[in-house]
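Novice: So that we are looking at the same thing, I have put the structure below in structure tokens.
The values are calculated or read from the model by the stated rules, or taken from the named source; none is laboratory data. Note that the structure is a prediction, hence the values are computed from the model and not measured. Every residue, glycine among them, receives a Cβ derived from its backbone with ideal geometry; neighbour counts consider all protein chains shown.
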Amino acid sequence: MGEKPKKWLVKTKFSALDYIRDSIIQLSVKTKKDKTDNFDDRSYLLSDWFQDNLFRTSRQKSSIAAELTSAFGLAKAPEVAPYMLELSLSSPAGQVAKNWLRQNPEHTIPGLIPIAIENNKLGKAAIDILRDLKLKGHEELILAWLEEQENKKTAEKLKEQIFKYSGVQTS
């Protein structure tokens, strides 16, 4: 099962990671057979896989999602981190994606800093992952990537959100 994403990554490099993410997330969505024609020409490697897995049970889909996410996790690059973050929030294999984010700080940190700057659900989740990585001893790497940001004011604000977080939510 994990061969499809591997072949996809070999063929597309990092130019179409969204198709793998979408295929994994699709496993958590109840679909009808007629929705399988939504694929464009670039997704031919995954479309037959999707049709094969359309009517599996939830447990089978969760298992397949975990296997696909693990295969996707073989890609090691900052470009993968935003997709893993989305999978951690929206996929039946969210824990596999979270593990990738925590186990690959050299890719997660540069991949999530641009996401963490955004004021939305993904941005808040990215900040949480960056806080976890800070607590695991990756402060210097986070600081180095924050210094690389063009907008110094935004980088300073993000630094405060990551490093001066007390753990107490106020509203």
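Novice: Looking at Glu156, Glu150, Glu118, which is the one that is outside any helix (DSSP H, G or I), acidic (Asp, Glu) and touching a helix residue (DSSP H, G or I) at 6+ places or on another chain (Cβ under 9 Å)? Let's see the steps before the verdict.
Specialist: Details: Glu156 fails: outside any helix (DSSP H, G or I); Glu150 fails: touching a helix residue (DSSP H, G or I) at 6+ places or on another chain (Cβ under 9 Å).
Selected residue: Glu118, the only one of Glu156, Glu150, Glu118 that is outside any helix (DSSP H, G or I), acidic (Asp, Glu) and touching a helix residue (DSSP H, G or I) at 6+ places or on another chain (Cβ under 9 Å).
Novice: Pick out the one residue from Lys124, Lys76, Lys98 that is modelled with pLDDT of 85 or more, charged (D, E, K, R), under 30 Å from Leu141 (Cβ atoms) and outside any helix (DSSP H, G or I). It would help to see each step written out before you state the result.
Specialist: Numbers: Lys124 fails: outside any helix (DSSP H, G or I); Lys98 fails: outside any helix (DSSP H, G or I).
Step by step, each of Lys124, Lys76, Lys98 is checked, and only Lys76 is modelled with pLDDT of 85 or more, charged (D, E, K, R), under 30 Å from Leu141 (Cβ atoms) and outside any helix (DSSP H, G or I).
Novice: Still on this structure: Could you list all residues from the range 134-147 that are in contact with a Lys or Arg (Cβ under 8 Å, 6 or more places away or on another chain) and either among the polar types (S, T, N, Q) or not in a loop (DSSP other than H, G, I, E, B) (or both)?
Specialist: Step one: of the range 134-147, the residues in contact with a Lys or Arg (Cβ under 8 Å, 6 or more places away or on another chain) are 136, 142-143, 146.
Matches in the range 134-147: Ile142, Leu143, Leu146.
Novice: Of the conditions (1) part of a helix (DSSP H, G or I); (2) in contact (Cβ under 8 Å) with a residue 40 or more places away in the chain, Arg131 clears all except one; give me its number.
Specialist: Every listed condition holds for Arg131 apart from (2).
Novice: Please go through the range 121-140 and pick out each residue that is over 14 Å from the mean Cα position of the chain (by Cα) and farther than 14 Å from Leu158 by Cβ.
Specialist: Going through the range 121-140, the residues over 14 Å from the mean Cα position of the chain (by Cα) turn out to be 131-140.
Answer for the range 121-140, where residues must be over 14 Å from the mean Cα position of the chain (by Cα) and farther than 14 Å from Leu158 by Cβ: Asp132, Leu135, Lys136, Gly137, His138, Glu140.
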